[in-house]
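Here the structure comes first, spelled out in structure tokens, and everything after it is commentary.
All of the numbers you see were taken from the coordinates with simple rules; none came from a lab. Nothing here was measured: the structure is a model prediction, and the numbers come from that model. Heads up, the Cβs are rebuilt from the backbone with ideal geometry, glycines too, and the neighbour counts pull from every protein chain shown.
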Amino acid sequence: MSQKIISAVGARPNFIKIAPLMLEFLKYPEFEHKLVHTGQHYDVNMSDYFLDDLDIPEPDYNLGVGSDTHAVQTAYIMMAFEKICVQEKPDLVIVVGDVNSTLACSLVAAKFGIKVAHVEAGLRSFDRTMPEEINRIMTDHISDILFCPTETAVSNLQAEGIIDNVFNVGDVMCDVLLQNLKRLDQQGFSLDKYQVEGDYFLATVHRAGNTDKRENLEAIIHAFSQLEHPVLLPLHPRTRKMLKKFDLFQIASQSPNLKIIDPVGYLEMLYLENNAGLIITDSGGIQKEAYLLKKPCVTLRKSTEWVETLGNGNMLAEIEIEKIKTAAQKMTKQEFSFEEAFYGKGDAAEKIGKILAAEWTSP
Ligand code: UD1
Ligand code: UDP
């Protein structure tokens, strides 16, 4: 008998995390898989680029919820996803990561008594001012199957009393990175169009704590303008909006050291990361990609859920101009081994597929 799985995704990193699973599920004729895109991210460069780059088929449903406050966005996703659950009656809902779509869809499924599997379970930054931390905790506590990327994540769940059906499978973002790294040469990417000479730094900023406070965003922009290397900044739409709101966009775009570009697709991002002298970011996924690509990284946050990277090529920097500059200088001078396979061997999706198949064949 076939088992119906719905994977629910909505934001940029979700598309990347679901890609290796979609590929893996093709090996299981007993899985009837459907993809639901909540529409949390909707710009072409925040959504379609990733489906194209990662050969993800057109989602079966797009809920088209768009942007709003946390409560409204989460509620709209829940209302729309509930209809899908009524119509499709899935045996399992898979959610990935820690965005509002993750929490909204897991909550709907759990209340219907539909099994929920959380991929990237157990991560904790221990900073509840981050909306993602709330999403992670809530999702983990209502999930039936918890696929952890690391041993630390397993321990975090254990500390909260979540012990059953917890599996350390490695990180699906490691799978997708290893699968796609070998494709980069065929893409014809070049740095010429970016006009960044020599050893450039690649930066991304989008965390609410950094974008929504004027003094933080201003400090970040000034620090980038004063670094010893040109900084390439693929700009998240949230950050563009807030730079404009705080009258900082002109200062940022006129800084000779700072090159602002639109968000790029996954493959181009890997190319830019792979060629950068240093990565400066507040992104969860990019810190880890820096580690996997053996690139030093400065993380513009006071904590991280990817704790294994700290002291292993990644350091946290407080949001002050001099602290960011000092951290960048320090990280470009030090050597790191990046040898430990903290995030698995690129077979997380394979392990997840096997565990799910066994779950359904067991008596
Ligand atoms: C969301 C996630 C965050 C994740 C990030 C990945 C939550 C609470 N946050 O943050 O964990 O790291 O996605 O990128 O779920 N916008 C557009 N076009 C889009 C999408 C967003 O213009 O396609 C703008 C809108 O002005 C919107 C703002 O960005 O209000 C924020 O979008 P939202 O999805 O609420 O949160 P992110 O900051 O993207
Ligand atoms: N990313 C991308 N293009 C960009 C910026 C990010 O492809 O312009 C990729 C990045 O390589 C990583 C993922 O998006 O795989 C991280 O997503 P994001 O930083 O938006 O969210 P987070 O990981 O912080 O939740």
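Using mean Cβ contacts within 10 Å as the protection proxy, how do 351-358, 336-343, 297-304 order, highest first?
In descending order of packing, they fall as 297-304, 351-358, 336-343.
Quick one: P(r) of region 248-340 from all Cα-Cα pairs, 5 Å bins, percents rounded to integers, in order of increasing distance.
2, 13, 23, 23, 22, 12, 4, 1, 0
Can you give the convex hull volume per residue for the Cα atoms of the chain, as a whole number of Å³?
Spelled out: Cα convex hull of the chain, divided by residues, is 129 Å³.
Can I get the semi-axes of region 207-363's equivalent ellipsoid? Compute them from the C-alpha gyration tensor as square roots of 5 times the eigenvalues, in angstrom, largest first.
Those come to 32, 19, 14 Å.
In a Gaussian network model over the chain where Cα atoms closer than 10 Å are linked, find which of 95, 72, 166 has the largest mean-square fluctuation.
72
Indicate, rounded to the nearest 5 percent, the antiparallel portion of the DSSP beta bridges found entirely in the chain.
Around 0 percent antiparallel, to the nearest 5.
Between the DSSP loop rule and a limit of at most 13 other Cβ atoms within 10 Å, which trypsin sites (Lys or Arg not before Pro) in region 1-93 are left?
For trypsin sites (Lys or Arg not before Pro) across region 1-93 that sit outside H, G, I, E and B with at most 13 neighbouring Cβ atoms in 10 Å, the list reads 27.
Which residue, 144, 43, 192, has the most motion in a Gaussian network model of the chain that connects Cα atoms within less than 10 Å?
192
Report, in debye and to the nearest 20, how large the dipole of the chain comes out about its Cα centre when Lys and Arg carry +1 and Asp and Glu carry -1 on their Cβ.
600 debye
Name the most mobile residue of 124, 136, 238, meaning the one with the largest mean-square fluctuation, in a Gaussian network model of the chain with Cα contacts below 10 Å.
In the Gaussian network model the winner is 238.
Which one of 225, 291, 313 is farthest out on the positive end of the charge dipole of region 225-363, using unit charges on Cβ (Lys, Arg +1; Asp, Glu -1) and the Cα centre as origin?
Towards the positive end, the residue furthest out is 225.
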